[in-house]
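Down below is the structure, laid out as structure tokens.
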Ligand code: FAD
């Protein structure tokens, strides 16, 4: 058991944590960052390479003897390992999250989507939207290295046949199509296809980590922060709970090994504390600290306004679309059906149906790179969450519960059904046997949001109400849904909060 005294502690190394670390170190503050997952870069990448989708090793999966990704074949392992993709199972919802230095950026599809301005304003009525559009979104895009696929490459590569077919079908069904920016380098991808560099997106790597090409946080924010010499990242450090002390906070940490066993305990005393464990991680820390650390001053909103960004995974079997296509004379599908045996793992297209009052949704045209033609079109549909769920702490299991019921997600399934019905009517297609019973997965959550919402659990800059020098700048601040893939928004909000926190709360030093 060891004890440490430090000034600034950041818990979690995803988007919220990485922005906090960069802006603090750039302001000349020393920072310690704790991350429960592995530092995948340490010891020359000893635990890499990351696994592809088809042949996952145990570094694909967080402390489980089998992979847990949706749709993919299940692989089994002899030993549990602190792998990169976690799935937290609750009663009606399974929440996925990245584990390791870089958090979700290690496993996500890299889609860097700016939300609808009007919806952002609806979700955050107290924020100055123009300031976000002029300053914080462009800043986040720049720091995250966001880029766009060129039309020229998109139109000709076999690896985006799935997206071109998806766009042409959506167009034919009367939907609006948008091209979506990404943090995966499309210059790198072109070189992959030309055989000039090792393949990653074109070699079925994504949710178990990309070995190349993706500008995840350890290559952007965290790299810059480390270059200041003021950031110290400690991996395999899992925070249990926190307590308020006279001068700041005491943080109780379990040090784990790569099998997930607790090998030591650490107590860290800090003056300023930044909680950035992601929506579920941060909310869990707040609730655990309320119960175990006797922190009773939190606002009563802690745990509320939680949602899955209205995520529903759905798809269509396309075998019967060939004949329709010939009739419809839609592009390229005259000659072949299906989505292609070669598929990039990086999504670049979306269907924007947000303005429809009755069925507002945004659907990502997702790849399903199985290495062969599977005649399946896959979509991640994103919806509003008018009735948010809630996270609570249950002392009898010493863990959280997520309250997520039909009233929270029924409309998301209705929207997905409406979407699929229109697509099938225009293009052919039937429910996919590869997917869930009925073809809809509303129990999936790639985009957990909320639990410690901006302006409710915190003030308008992420300062936790009821406590001094306790901050949150991650996805927990966003109430339940933002209408598009969320990390660009999370990064922009973190930038906005950190600017004010550094300006006002570090003055006395
Ligand atoms: P996270 O990125 O989750 O970071 C939290 C970090 O804190 C983690 O590293 C975690 O291990 C650590 N942590 C948590 N609790 C503790 C603790 N108690 N002690 C120590 N460390 C702790 N979003 C998009 O915008 N575009 C996409 O294309 C996209 N694709 C996705 C695909 C997948 C498969 C998944 C799972 C997510 C995807 N997302 C995508 C969502 C996006 O990754 C998340 O919204 C984002 O990572 C959330 O950022 P965050 O900072 O809130 O938390």
> Restricting to region 465-476, what's the tally of residues that are out of contact with any helix residue (DSSP H, G or I) (no Cβ under 9 Å at 6 or more places or on another chain) and closer than 27 Å to residue 98 by Cα?
Replying inline: 1
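With respect to residue 60, is the statement that it is more than 18 Å from residue 253 (Cα to Cα), within 16 Å of the ligand (Cβ to nearest atom) and in contact with a strand residue (DSSP E or B) (Cβ under 9 Å, 6 or more places away or on another chain) true? Outline the logic, then answer.
On the way: more than 18 Å from residue 253 (Cα to Cα): yes; within 16 Å of the ligand (Cβ to nearest atom): yes; in contact with a strand residue (DSSP E or B) (Cβ under 9 Å, 6 or more places away or on another chain): yes.
Here the answer is yes, as residue 60 does meet what is asked.
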> What number of residues within region 207-226 are surrounded by fewer than 20 Cβ atoms within 10 Å (Cβ to Cβ) and within 17 Å of residue 10 (Cα to Cα)?
Replying inline: 3
> In the set 121, 131, which member is under 20 Å from residue 485 (Cα atoms) and more than 14 Å from the ligand (Cβ to nearest atom)?
Replying inline: 121
> How many residues are within 12 Å of the ligand (Cβ to nearest atom) and closer than 17 Å to residue 16 by Cβ if we restrict to region 239-272?
Replying inline: 3
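Here is a yes/no grid of residues against (1) within 14 Å of the ligand (Cβ to nearest atom); (2) part of a helix (DSSP H, G or I); (3) crowded, with 24+ Cβ neighbours inside 10 Å:
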position: 3; (1), (2), (3): no, no, no
position: 10; (1), (2), (3): yes, no, yes
position: 13; (1), (2), (3): yes, no, yes
position: 18; (1), (2), (3): yes, yes, yes
position: 24; (1), (2), (3): no, yes, yes
position: 32; (1), (2), (3): yes, no, no
position: 44; (1), (2), (3): no, yes, no
position: 50; (1), (2), (3): yes, no, yes
> Which members of region 132-154 meet the condition of being in contact with a helix residue (DSSP H, G or I) (Cβ under 8 Å, 6 or more places away or on another chain), within 15 Å of residue 186 (Cα to Cα) and in a helix (DSSP H, G or I)?
Replying inline: 153, 154
> Would region 107-116 turn up any residue that is more than 30 Å from residue 57 (Cβ to Cβ), away from the ligand (no atom under 12 Å from the Cβ) and buried (at least 22 other Cβ atoms within 10 Å of the Cβ)?
Replying inline: no
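In region 77-100, what count of residues is obtained for those that are assigned to a loop (DSSP other than H, G, I, E, B) and either under 12 Å from the mean Cα position of the chain (by Cα) or near the ligand (Cβ under 7 Å from one of its atoms) (or both)? Walk me through it before giving the result.
Within region 77-100, the subset assigned to a loop (DSSP other than H, G, I, E, B) is 77-81, 83-84, 90-93, 99-100.
Of the ones still in play, those that are also either under 12 Å from the mean Cα position of the chain (by Cα) or near the ligand (Cβ under 7 Å from one of its atoms) (or both) are 99-100.
So the count comes out to 2.
Of the residues 430, 473, 412, which is within 20 Å of the chain's Cα centre (by Cα), away from the ligand (no atom under 16 Å from the Cβ) and touching a residue at least 12 places away in the same chain (Cβ under 8 Å)?
Values: 430 fails: within 20 Å of the chain's Cα centre (by Cα); 473 fails: away from the ligand (no atom under 16 Å from the Cβ).
Being within 20 Å of the chain's Cα centre (by Cα), away from the ligand (no atom under 16 Å from the Cβ) and touching a residue at least 12 places away in the same chain (Cβ under 8 Å) holds for just one of 430, 473, 412, which is 412.
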> Which one is modelled with the highest pLDDT, of the residues in region 480-509 that are surrounded by fewer than 24 Cβ atoms within 10 Å (Cβ to Cβ) and in a loop (DSSP other than H, G, I, E, B)?
Replying inline: 506
> Tell me, which strands (runs of 3 or more DSSP E) wholly within region 169-284 include 2 or more residues that are at positive phi?
Replying inline: none
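Have a look at 391, 400, 382 and point out the one that is touching a helix residue (DSSP H, G or I) at 6+ places or on another chain (Cβ under 7 Å) and crowded, with 24+ Cβ neighbours inside 10 Å.
On the way: 400 fails: crowded, with 24+ Cβ neighbours inside 10 Å; 382 fails: touching a helix residue (DSSP H, G or I) at 6+ places or on another chain (Cβ under 7 Å).
Unique residue meeting the criteria: 391.
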> For region 75-100, which residues satisfy the criterion of being more than 27 Å from residue 310 (Cα to Cα) and in contact (Cβ under 8 Å) with a residue 24 or more places away in the chain?
Replying inline: 79, 80, 81, 82
>> Can you tell me which of (1) away from the ligand (no atom under 11 Å from the Cβ); (2) farther than 21 Å from residue 297 by Cβ; (3) touching a helix residue (DSSP H, G or I) at 6+ places or on another chain (Cβ under 8 Å) is the one residue 462 doesn't meet?
In response: (2)
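Of all residues being more than 20 Å from the chain's Cα centre (by Cα) and part of a loop (DSSP other than H, G, I, E, B) in region 65-76, which is surrounded by the most Cβ atoms within 10 Å (Cβ to Cβ)? Just the residue, please.
Within region 65-76, the first condition is being more than 20 Å from the chain's Cα centre (by Cα), and the residues that meet it are 65-66, 73-76.
Pick out the ones that are also part of a loop (DSSP other than H, G, I, E, B) and you get 65, 73-75.
Details: 65: 13, 73: 11, 74: 9, 75: 17.
Only one residue fits best here, namely 75.
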> Taking region 242-254, which residues are crowded, with 18+ Cβ neighbours inside 10 Å and within 26 Å of residue 61 (Cβ to Cβ)?
Replying inline: 253
> Could you list, in sequence order, the residues of region 285-323 that are at pLDDT 95 or above and either on the phi > 0 side of the Ramachandran plot or away from the ligand (no atom under 16 Å from the Cβ) (or both)?
Replying inline: 294, 296, 297, 298, 299, 300, 301, 303, 304, 305, 309, 310
>> Checking the conditions here, which among 441, 450 is within 16 Å of the ligand (Cβ to nearest atom), surrounded by fewer than 24 Cβ atoms within 10 Å (Cβ to Cβ) and within 20 Å of the chain's Cα centre (by Cα)?
In response: 441
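The values are calculated or read from the model by the stated rules, or taken from the named source; none is laboratory data. Keep in mind that this is a model prediction, so the values were computed, not measured. Ideal geometry is used to build each Cβ from the backbone, glycine not excepted, and the neighbour counts take in all protein chains shown.
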